[in-house]
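The values are calculated or read from the model by the stated rules, or taken from the named source; none is laboratory data. Everything numeric here is computed off the predicted structure, so don't read it as measured data. Cβ sites come from the backbone with ideal geometry, for glycine too, and all protein chains shown count toward neighbours.
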Ligand code: PEP
Ligand code: MN
């Protein structure tokens, strides 16, 4: 899953969407409703962003994942999104979890920034218990005393959450590190521990992005990453095949 932090303009979204599709992404990401820590930061285009996301879907054929921040807007977002993203700041919003589940849309549940693994499992149970059939969990780093990276990437949470829930688990190496130069290496680490996917921030001109500039990959960096991941994916597949062959 790849795309800009936020939907900004038609040119920005379409160019980025085309590039990530070409590079092999299977889902387009992009926030219309943005949960920003600072009230002085860009808050997203809101519902106006959906028109652009629909256009990008039409052009690329990629399904769209976008954040829903409030149960008030859940039906509106569900109308326009192929998958509902529950952001880190919303993981504990049980009214939102229930409302999102009831739409019947697949849900991407991001780990709360101070949530334990057990609390992520409980949030997923809120979704499952209220009718969500397709749930994907996302490790995105947690807040610790470490300040070298934006968050502390809890790589062990990936296999642990898979084991505890049986659900697909992906990594967002962009928010987990906040550093462009660490996105590729953490993506490889995620593949190595069995992650089912990645959520990566990509922009046609990263230096011009309106949010999360430090962690955003250019479209060519993303294409390189997709290439570099191939041997890691092969090793993982071969290792599993070897285990099955040994058991047979
Ligand atoms: C995002 O992925 O758009 C986002 C805001 O991330 P998080 O909720 O993990 O902070
Ligand atoms: Mn972002």
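A few points about this structure:
- Count of region 2-26 residues which are within 17 Å of residue 108 (Cβ to Cβ), touching a helix residue (DSSP H, G or I) at 6+ places or on another chain (Cβ under 9 Å) and in a loop (DSSP other than H, G, I, E, B): 4
- Members of region 71-102 found to be over 19 Å from residue 157 (Cα atoms), assigned to a loop (DSSP other than H, G, I, E, B) and touching a strand residue (DSSP E or B) at 6+ places or on another chain (Cβ under 7 Å), listed by number: 81, 82
- Scanning region 209-219 for residues that are assigned to a helix (DSSP H, G or I), in contact (Cβ under 8 Å) with a residue 12 or more places away in the chain and more than 13 Å from ligand 1 (Cβ to nearest atom) yields a count of 2.
- Residue match in region 227-241 (condition: within 16 Å of ligand 2 (Cβ to nearest atom) and at pLDDT 95 or above): no
- Search result, residues across region 39-59 that are surrounded by fewer than 16 Cβ atoms within 10 Å (Cβ to Cβ) and touching a residue at least 40 places away in the same chain (Cβ under 8 Å): 41, 42, 55, 59
- Filter result for residue 19 (more than 17 Å from the chain's Cα centre (by Cα) and modelled with pLDDT under 95): no
- The listed residues are 167, 137, 160, and the only one of them that is in contact with a helix residue (DSSP H, G or I) (Cβ under 6 Å, 6 or more places away or on another chain), in contact (Cβ under 8 Å) with a residue 40 or more places away in the chain and over 20 Å from residue 216 (Cα atoms) turns out to be 160.
- Residue, farthest from ligand 2 (Cβ to nearest atom), within region 60-91, restricted to residues that are farther than 23 Å from residue 10 by Cα and surrounded by fewer than 16 Cβ atoms within 10 Å (Cβ to Cβ): 75
- Scan of region 44-66 for residues that are over 18 Å from the mean Cα position of the chain (by Cα) and outside any helix (DSSP H, G or I), ordered by number: 45, 46, 47, 61
- Residue match in region 189-204 (condition: away from ligand 1 (no atom under 16 Å from the Cβ), in contact (Cβ under 8 Å) with a residue 60 or more places away in the chain and on the phi < 0 side of the Ramachandran plot): yes
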